[in-house]
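My questions will all concern the structure given below.
The values are calculated or read from the model by the stated rules, or taken from the named source; none is laboratory data. No experiment lies behind these values; they were computed from the predicted model shown. Don't worry about glycine lacking a Cβ; one is built from the backbone with ideal geometry, like all the others, and counts go over all protein chains shown. Note: accessible area is taken over every heavy atom of the protein model, side chains too, but ligands, DNA and RNA are not part of it. Shrake-Rupley method; radii C 1.70, N 1.55, O 1.52, S 1.80 Å.
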Amino acid sequence: MFAEERQKLVAARVAEAGRVSVTELADRFAVTTETVRRDLATLEQAGILRRVHGGAVPADNVSTTETTLSERLVQHLPEKRLIAEAAADLIAASRPGSVLLDAGSSTEALVDVLLGQLAARRTSDEQVVITNALPLADKLAGVPGHAVHLLGGRIRGLTRAAVGQETVEAVERLRPDLAFVGTNGVHVAFGLSTPDSEEAAVKAAFVRSARRVVVLADASKLGVETLVQFARLDQIDAIVTNADPEPDLAAALEKAGVEVVKAGKR
């Protein structure tokens, strides 16, 4: 295969997956990692992608880029469904009395799974669910099995989530048993991050408040840094993802005492 042909295929793979690692590309095209790095450098110079630690992301995937909630809801759907099912298993295993749900497409997928389980079980047990996300509260409101508490604050149109000082202060007065938090990036050095400072402040409050913090992150978030850090790796308890982290990130998570739950392994 000529270099130009391989580079076109590499670019297509990055665009499709959202993030790919050097080792994955080397295995896929049966070339050395050094060859892959040269290909990525060429494609970055052409403005087609952006190199990140251990791999590459699309060129428009920069630290301040943030897609709308409606766009996120149709991205990586099979992966998010698997992550949601694994997260629901954690709830079933620990039976927390109170659950804090962050805004986002991954937590919305979790709510969809929980609603399906409730319909099947027809349980009378009530669980307190607290969220800053309008779509999540709307789906859960009035459904038997959940007492829903919606946090107040300014509603951010892009994510339909309550943010601001009022939201942060409300979270800080809580001590929920379990929190599920979404993220735009999970990085070996930078930890967990998101592009918006107000969203980051609310997520940081979630992390500080909950007794146990579980991060939901599909493979496209692994190894990525965005603008604002909201937690270090050692501030979370577990991460549910659909891919094995790169060796350096896996080592950092292990050192921080973070449990890595691989979605799809049931």
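Of the conditions (1) open to solvent by 60 Å² or more (accessible area, probe 1.4 Å); (2) within 17 Å of the chain's Cα centre (by Cα); (3) of a type in the set (A, V, I, L, M), Ile155 clears all except one; give me its number.
If we test Ile155 against (1) open to solvent by 60 Å² or more (accessible area, probe 1.4 Å); (2) within 17 Å of the chain's Cα centre (by Cα); (3) of a type in the set (A, V, I, L, M), just (2) comes out false.
Related question: Taking segment 1-12, which residues are surrounded by fewer than 17 Cβ atoms within 10 Å (Cβ to Cβ) and part of a helix (DSSP H, G or I)?
Initial filter on segment 1-12 (surrounded by fewer than 17 Cβ atoms within 10 Å (Cβ to Cβ)): 1-5, 8-9, 12.
Scanning segment 1-12 gives Ala3, Glu4, Glu5, Lys8, Leu9, Ala12.
Still on this structure: When the residues of segment 111-153 are narrowed to those that are in a loop (DSSP other than H, G, I, E, B), touching an Asp or Glu at 6+ places or on another chain (Cβ under 9 Å) and among the small types (Gly, Ala, Ser), which ends up modelled with the lowest pLDDT?
So the first thing to find is which residues in segment 111-153 are in a loop (DSSP other than H, G, I, E, B), and the list is 122-126, 132, 141-145, 151-153.
Add one more test, that the residue is touching an Asp or Glu at 6+ places or on another chain (Cβ under 9 Å), and what stays is 132, 144-145, 151-153.
Checking which are among the small types (Gly, Ala, Ser) leaves us with 145, 152-153.
Details: Gly145: 78, Gly152: 95, Gly153: 95.
Applying the filter and picking the extreme gives Gly145.
If I filter segment 196-210 for residues that are open to solvent by 40 Å² or more (accessible area, probe 1.4 Å) and touching a residue at least 60 places away in the same chain (Cβ under 8 Å), do I get at least one hit?
Within segment 196-210, not a single residue is open to solvent by 40 Å² or more (accessible area, probe 1.4 Å) and touching a residue at least 60 places away in the same chain (Cβ under 8 Å).
Still on this structure: Tell me which residues, restricted to segment 224-240, are part of a loop (DSSP other than H, G, I, E, B) and open to solvent by less than 80 Å² (accessible area, probe 1.4 Å). Spell out how you get there, then give the answer.
Restricting attention to segment 224-240, the residues satisfying the condition of being part of a loop (DSSP other than H, G, I, E, B) are 224-227, 232, 236-237.
Residues satisfying the conditions are Val224, Thr226, Ile236, Asp237.
Can you work out which of the residues in segment 244-263 that are over 12 Å from His53 (Cβ atoms) and acidic (Asp, Glu) is least open to solvent (accessible area, probe 1.4 Å)?
That would be Glu259.
Okay, moving on. Test of understanding: among Gly191, Gly182, Gly164, which residue is at pLDDT 95 or above, at negative phi and open to solvent by less than 40 Å² (accessible area, probe 1.4 Å)?
Working: Gly191 fails: at negative phi; Gly164 fails: at negative phi.
The unique qualifying residue is Gly182.
Which count do you get for residues in segment 39-54 that are touching a residue at least 24 places away in the same chain (Cβ under 8 Å) and not small (Gly, Ala, Ser)? Give the steps one after another, and end with the answer.
If we filter segment 39-54 for residues that are touching a residue at least 24 places away in the same chain (Cβ under 8 Å), which is where we start, we get 39-40, 42-43, 48-49, 52-54.
The next check asks that each one be not small (Gly, Ala, Ser); those that pass are 39-40, 42-43, 48-49, 52-53.
Result for segment 39-54: 8.
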